[in-house]
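Working notes, beginning with the structure itself.
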Amino acid sequence: MILKVYSKPNCPQCQQAKSLLESKALPFETLMLGTDYSREELLTIAPGARTVPQIVADGKLIGGFHELR
């Protein structure tokens, strides 16, 4: 499974999501807003998303931290 965490700097929910994935020993890739993706690109991946993180597993949108839990 390929997990991608669309994140931004200084985001507590993003850190919680990454910590949860690490605690479950699930490998993931972190993508940072402004460096790895733009807001427009995120809206293509997660239409209607208003928050980060947005987590994608094998190309399928899971949602944010609450959905990941």
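The values are calculated or read from the model by the stated rules, or taken from the named source; none is laboratory data. Small disclaimer: the values here were computed from a predicted structure and weren't measured. Cβ coordinates were reconstructed from backbone atoms using ideal geometry, including for glycine residues, and neighbour counts include every protein chain displayed. Just so you know, the surface numbers come from the protein's heavy atoms only, side chains and all, with ligands and any DNA or RNA stripped out. Shrake-Rupley method; radii C 1.70, N 1.55, O 1.52, S 1.80 Å.
What is the packing order of peptides 41-53, 24-36, 4-16, taking the mean over residues of other C-beta atoms within 10 Å and listing the highest first?
Most protected by this proxy first, the peptides run 4-16, 41-53, 24-36.
Leaving out ligands, DNA and RNA, what percent of the accessible area of the chain is carbon and sulfur, probe 1.4 Å? Mind showing how you got there, number by number?
On the way: 2380 of 4610 Å².
Roughly 52 percent, rounded to a whole number.
Run lengths n ≥ 4 of DSSP H only: what is the helix-derived mean residue ellipticity at 222 nm for the chain, with -39500 (n - 2.57) per run over all residues, to the nearest 500?
Roughly -9000 deg cm²/dmol at 222 nm, from the helical runs in the chain.
Residue farthest toward the positive end of the dipole of the chain, with Cβ of Lys/Arg at +1 and Asp/Glu at -1: which of GLN15, ILE2, LEU42?
The residue sitting farthest along the positive end of the dipole is GLN15.
Across the chain, how large is the tail of the calculated P(r) beyond 15 Å, expressed as a percent of all Cα pairs?
Percentage above 15 Å: 45.
Evaluate the relative contact order of the chain (contact order divided by residue number), counting alpha-carbon pairs under 8 angstrom at least 6 apart; express in whole percent.
42 percent
Enter the angle in degrees (range 0 to 90, nearest 10) between the Cα long axis of helix 12-23 and the first principal axis of the Cα atoms of the chain, meaning the one along which they spread out most.
40 degrees
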